[in-house]
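**Student:** This is the structure, below, for whatever I ask next.
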There are 2 protein chains.
Amino acid sequence: MTGLRIAEIFGPTIQGEGALIGEPTVFVRTGGCDYRCVWCDSLHAVDPVHRQSWARMTTDQVWAEITRLSRGNPLTVSLSGGNPAIQDFTALIARGQQAGYRFACETQGSVAKPWFGDLDTLVLSPKPPSSGETVDWDAFDACIMAGQGAVQTVLKIVIFDDADYAWAQQVAARFPTLPLYLQPGNPQVDPAQPVDPQDLSDRLLWLVEKVTADGWFAPRVLPQLHVLLWGNKRGV
Amino acid sequence: MTGLRIAEIFGPTIQGEGALIGEPTVFVRTGGCDYRCVWCDSLHAVDPVHRQSWARMTTDQVWAEITRLSRGNPLTVSLSGGNPAIQDFTALIARGQQAGYRFACETQGSVAKPWFGDLDTLVLSPKPPSSGETVDWDAFDACIMAGQGAVQTVLKIVIFDDADYAWAQQVAARFPTLPLYLQPGNPQVDPAQPVDPQDLSDRLLWLVEKVTADGWFAPRVLPQLHVLLWGNKRGV
């Protein structure tokens, strides 16, 4: 069976994190991932146990849903997952950009695709030690090379603890010219449970105090605004 | 008596709103303002009744405090107020940029200054009808002209109600090439009172739903993150 594996398409809402925070966005969340981060907040798009809930859609069908949700008004489309880089979005990006839409992609940087170079924003989010995954830096470098044609490439790193923080500093030293966004990790990823806003606030404050105490002013520090506002609710 | 009128210098913390949200920043809040917005959240830097609490500082003294707080590590300095545009920051900006610091300025756009052109980020925040003030568009245009040399000029508009929202759409139509940031107004500005995070969250959601319902995807929509996280606490 062919076609794109799509876990959900939703929006428009605002992007809740990173370089495009606040930007009206339609999200195309793809199904399938080559990683299994222990704190994954999107297991419904990652774990093959949910595979039955993923739609097989043609590029035409995905594009029709994007234009329906946005009512034909161009905006930013975010390709997220799962890992969208394991699929081919060349045709969707070309179709959308022709109509004035912009495309962002969020990926861990484990698989490089030629279509990275067609993006408006390539967000590479290498996973820190707390994820349980190990970054293949050759593959990561290949992603950066593939994204050379993108309007912008940025780094986003999730920080759960001191080890993640130290690791982020090493990553920053490796890529000094790429804009870097840090965000505190969210350990409360069960959609059936409410999140504790005080805990999220405390985690952001902890991270702000780390960078300011260290005089490390290169990264921007941002929360997951959507979680702060709406918890783990899906579709916002 | 000469020198700069300074209400407070604080940080580093993260910028809580607008184009530079999340950016580690030292804030130089100036004393004095030509506006009296009814919902002003910085009356301690605006109302002459607080004038005795404003320091008179030389450029050297302000710069010494910025370097002390940032421990000599370059970061973004935000000139806010009050209205910083009623004073002369030419020398401070030159001194700081020589040392690798970046400068942003937040002003309502009522007074143009040549030093706007030296800024890294000029944030023009025209005040909507709910403020009780009326924008002088000739003065505002002069601010945009004065900022031509800045790295970026952006618009930020606070939205309290439907009238403000309709007004923001007119402003956006007038300046289609300037990036626009919308933020919900905060009616809870008494520093002695706690804020209601649910009310702030509801106001952001209302604004997100307005732009998405209208298919108005040009502006970014962001909260005042510092208020959401830390209420009206000063110095963060």
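**Student:** Would you mind getting the Kirkwood hydrodynamic radius of the protein assembly as shown from its Cα pairs, rounded to one decimal in Å?
**Tutor:** About 23.3 Å, per the Kirkwood formula over Cα pairs.
**Student:** Compute the long axis of helix A:162-174 from its Cα atoms, compare it with the longest principal axis of the Cα atoms of chain A, and write down the angle in degrees, 0 to 90, nearest 10.
**Tutor:** Helix A:162-174 and the main axis of chain A meet at about 70 degrees.
**Student:** Based only on Cα atoms, what mean projected area does the convex hull of region A:1-160 have, in nm²?
**Tutor:** 8.8
**Student:** Charges only on Cβ, +1 for Lys and Arg, -1 for Asp and Glu: so what's the dipole of region A:4-230 about the Cα centre, in debye to the nearest 20?
**Tutor:** Here region A:4-230 has a charge dipole of around 720 debye.
**Student:** What share of the DSSP beta bridges in region A:4-230 is antiparallel, in percent to the nearest 5?
**Tutor:** Close to 25 percent.
**Student:** Here's something else I'd like to know. Output the residues of region A:70-98 meeting this criterion: accessible area (heavy atoms, 1.4 Å probe) in the chain alone minus accessible area with all protein chains in place is 20 Å² or greater.
**Tutor:** A:R71, A:N73
**Student:** Here is a follow-up. Ignoring ligands and nucleic acids, what accessible area does A:T212 show with a 1.4 Å probe (Å², nearest 10)?
**Tutor:** Looks like 20 Å² after rounding.
**Student:** Could you state the orientation-averaged shadow area of the convex hull built on the Cα atoms of region B:1-91, in nm² to one decimal? Walk me through the intermediate numbers first.
**Tutor:** On the way: hull surface 25.0 nm².
Averaging across all directions leaves 6.3 nm² for the Cα convex hull.
**Student:** Rounding to the nearest 10 and keeping the result within 0 to 90°, find how far the Cα-based axis of helix A:59-70 lies from the longest principal axis of chain A.
**Tutor:** Its long axis makes an angle of about 70 degrees.
**Student:** Taking each residue in A:182-194, count the Cβ atoms of any other chain within 10 Å of its Cβ, then average. What number comes out?
**Tutor:** Taking all residues of A:182-194 together, the mean is 0.
**Student:** Kindly compute the accessible surface that chains A and B hide from a 1.4 Å probe when together, both sides summed, and give it to the nearest 100 Å².
**Tutor:** 2700
**Student:** Taking only C-alpha pairs under 8 Å that are 6+ residues apart, what is the relative contact order of region B:4-230 in percent?
**Tutor:** Relative contact order, region B:4-230: 17 percent.
**Student:** Past 27 Å, Cα to Cα, is the threshold; run B:K156/B:K210; B:K113/B:K156; A:K113/A:K156; B:K127/B:K210; A:K113/A:K210 against it and keep the listed order.
**Tutor:** A:K113/A:K210
**Student:** Can you give me the accessible area per residue for region A:4-230, using a 1.4 Å probe, in Å²?
**Tutor:** 38
**Student:** Which of rounded, prolate or oblate describes region A:77-236 when judged by the alpha-carbon gyration tensor and an a/c cut-off of 1.5?
**Tutor:** Oblate, since a/c reaches 1.5 and b/c is not below a/b.
**Student:** Next up: Quick one: 3J(HN,Hα) in Hz for region A:125-140, Karplus 6.51/-1.76/1.60 with θ = phi - 60°, rounded, Gly and Pro as x.
**Tutor:** 10, x, 8, x, x, 4, 6, x, 9, 10, 6, 8, 5, 5, 5, 5
**Student:** Take every residue in peptide B:16-26, count the Cβ atoms of other chains within 10 Å of its Cβ, and give the average of those counts.
**Tutor:** Across B:16-26, the average partner-chain Cβ count within 10 Å equals 4.
**Student:** While we're looking at this one, here's another question. In deg cm²/dmol and to the nearest 500, what is the mean residue ellipticity at 222 nm of chain B if only DSSP H runs of at least 4 residues count, each as -39500 (n - 2.57), divided by the residue total? Working shown, then result.
**Tutor:** On the way: 6 runs with 68 residues, N = 236.
It lands at -9000 deg cm²/dmol.
**Student:** Counting only DSSP beta bridges with both residues in the protein assembly as shown, tell me the antiparallel percent, nearest 5. Please list the in-between numbers first.
**Tutor:** On the way: 18 of 66 bridges.
Once the DSSP bridges in the protein assembly as shown are tallied, antiparallel ones form about 25 percent.
**Student:** Can you check what the net charge comes to around A:G96, using other residues whose Cβ is under 14 Å from the Cβ of A:G96 (Lys, Arg +1; Asp, Glu -1)?
**Tutor:** My count for the surroundings of A:G96 gives -1.
**Student:** Run the label-point distances for B:R174 please: 7 Å along Cα to Cβ, every other copy, nanometres, shortest first.
**Tutor:** Values, ascending and in nm: 4.9.
**Student:** Can you send over the carbon and sulfur percentage of the accessible area for the protein assembly as shown, probe radius 1.4 Å, protein chains only? Spell out each step's value before the answer.
**Tutor:** On the way: 9690 of 18930 Å².
C and S atoms contribute 51 percent here.
**Student:** Can I ask one more? Regarding region B:69-138, what is the average projected area of its C-alpha convex hull, in nm²?
**Tutor:** 5.3
**Student:** Between B:A192 and B:V38, what FRET efficiency follows from the Cβ-Cβ distance if R0 is 22 Å, with the result rounded to 0.05? Write out the running numbers ahead of the final one.
**Tutor:** Numbers: r = 19 Å, r/R0 = 0.85.
Computed FRET efficiency for B:A192 and B:V38 comes out at 0.75.
**Student:** Could you tell me the distance between the Cα centroids of region B:10-50 and region A:173-236, to the nearest Å?
**Tutor:** 24
**Student:** Related question: Summarise the partner chain shielding of B:128-134 as one whole number: the mean count of Cβ atoms from other chains within 10 Å of each residue's Cβ. Intermediate results must be reported in sequence, preceding the final value.
**Tutor:** Working: counts 0, 0, 0, 0, 0, 0, 0.
Average per residue, whole number: 0.
The values are calculated or read from the model by the stated rules, or taken from the named source; none is laboratory data. As the structure is a computational prediction, the values presented were derived from the model and not from experiment. Cβ sites come from the backbone with ideal geometry, for glycine too, and all protein chains shown count toward neighbours. Keep in mind that these areas ignore ligands, DNA and RNA; they rest on the heavy atoms of the full protein, side chains included. Shrake-Rupley method; radii C 1.70, N 1.55, O 1.52, S 1.80 Å.
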